[in-house]
Amino acid sequence: MPDKNLNKFADKIVNAFLKNKIISPLPSRYIKKLSQAQKFRKLCESKIKKPISGFKAAGTGIPVLKKLKEKEPFYATVYKHNVLKNKKTVKINKFTLGIELEVCYLIKKNFFNLKQKATKKNIKKFITHIAPCIEVVGYRQRKKGIKSLGDLCSDFGGNVKFVIGPKKEYKNQNIKNLNTKIYNKKINQSVHGNTNTVYVNPLNSLLFVLKKLQKDKIKLKNNFYVFTGSSVGVVPILGKGIYKGVIDKLGFVSAKIS
């Protein structure tokens, strides 16, 4: 029997997402299990008609998956109005969870014409560029912390803004084991990481997302980004100002937090 309230709560959080508002927490029955949260997220995304820039992977840290008793990450849609150029400003609130440093890929739109199942080998021809990226994560709900992946998934993947650094042409770079760091010099906050925390290799995360897009029969008419997940975990934002991220061999990205 259909849940009559499902659409009501979907409309509520979609409105919050589009108008940058904060609402009361969603009922746990829609988000406790990742499978439930995935259905809810897809319903919400079906109600949004804004341009899409790409997709993000979340929960790509193996220890996080084990801790939350999940078998795999999830993906969510990233909309154009939430993607910013390097050095842009991101406004936060008390329900912002933190900041992440990621590898992102730019993928040709003709990926959606691929007839075979996506593999690590055949997807490389669709990658045009690679770049460092900062993601600010948080809720549209009055809640703090992450109790399950469903928490993030049901709230549009928890993505607030993405700030993309200078892109490099993709030449099959090996990014499996690169040192990373995100820091705010003004408040002396610095966190180190490694790209091998992103589903062992960010390319694995990319493949995961592309396989899901094929399975869900999603197609876009434009080139698109795939954001692969944090190399430093969710770093608490301890103060405002400029956060700068660096990924060895890929370069720098920065965002002003206000």
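For this structure, a couple of remarks:
- Matching option when the condition is farther than 25 Å from I31 by Cβ and modelled with pLDDT of 95 or more, among C153, C133: C133
- From S46, S35, S28, S53, residue being modelled with pLDDT of 95 or more, surrounded by fewer than 17 Cβ atoms within 10 Å (Cβ to Cβ) and of a type in the set (S, T, N, Q): S46
- Whether a residue is more than 14 Å from G229 (Cα to Cα), touching a strand residue (DSSP E or B) at 6+ places or on another chain (Cβ under 8 Å) and not in a loop (DSSP other than H, G, I, E, B) was assessed, and K211 does not pass this test.
- Considered as a group, the residues in the range 66-103 that are part of a helix (DSSP H, G or I) and in contact (Cβ under 8 Å) with a residue 12 or more places away in the chain include one that is nearest to the chain's Cα centre (by Cα), and that residue is N82.
- Flag for L203 being in contact (Cβ under 8 Å) with a residue 60 or more places away in the chain and in contact with a helix residue (DSSP H, G or I) (Cβ under 8 Å, 6 or more places away or on another chain): no
- Complete set of residues in the range 124-166 that are assigned to a strand (DSSP E or B) and either surrounded by fewer than 19 Cβ atoms within 10 Å (Cβ to Cβ) or acidic (D, E) (or both): T128, H129, E135
- In the range 7-45, the residue that is nearest to the chain's Cα centre (by Cα) out of those that are part of a loop (DSSP other than H, G, I, E, B) and of a type in the set (A, V, I, L, M) is I31.
- Inside the range 88-111, residues that are of a type in the set (S, T, Y) and surrounded by fewer than 19 Cβ atoms within 10 Å (Cβ to Cβ) make up a count of 1.
- Near pairs, Cβ below 9 angstrom, 6+ apart or cross-chain, from the range 111-137 (farther than 30 Å from Y183 by Cβ) to any residue that is part of a strand (DSSP E or B) and of a type outside the set (F, W, Y): I123/I107; F126/I107
- Residue within the range 112-123 that is buried (at least 22 other Cβ atoms within 10 Å of the Cβ) and either of a type in the set (A, V, I, L, M, F, W, C) or not in a loop (DSSP other than H, G, I, E, B) (or both) present: no
- Options V234, V198, V226, V253; residue that is crowded, with 23+ Cβ neighbours inside 10 Å, of a type in the set (V, I, T), at pLDDT 95 or above and within 20 Å of K91 (Cβ to Cβ): V253
- K147 being over 21 Å from N222 (Cα atoms), modelled with pLDDT of 95 or more and out of contact with any Leu (no Cβ under 7 Å at 6 or more places or on another chain): no
- For the range 106-113, the count of residues that are over 16 Å from D151 (Cα atoms), among the basic types (K, R) and modelled with pLDDT of 95 or more is nonzero.
- Residue check for Q173: assigned to a loop (DSSP other than H, G, I, E, B) and either modelled with pLDDT of 95 or more or polar (S, T, N, Q) (or both): yes
- Boolean, K50 is touching a Lys or Arg at 6+ places or on another chain (Cβ under 9 Å), within 27 Å of K94 (Cβ to Cβ) and among the charged types (D, E, K, R): yes
- Single residue of I218, I187, I242 found to be closer than 21 Å to K85 by Cβ, of a type outside the set (D, E) and out of contact with any Pro (no Cβ under 8 Å at 6 or more places or on another chain): I242
- Flag for G245 being part of a strand (DSSP E or B), in contact with a helix residue (DSSP H, G or I) (Cβ under 6 Å, 6 or more places away or on another chain), small (G, A, S) and buried (at least 18 other Cβ atoms within 10 Å of the Cβ): no
The values are calculated or read from the model by the stated rules, or taken from the named source; none is laboratory data. In this text the structure is predicted, and so the values were computed from the model without any measurement. As a convention, Cβ positions derive from the backbone with ideal geometry for all residues, glycine included, and neighbour counts pool all protein chains shown.
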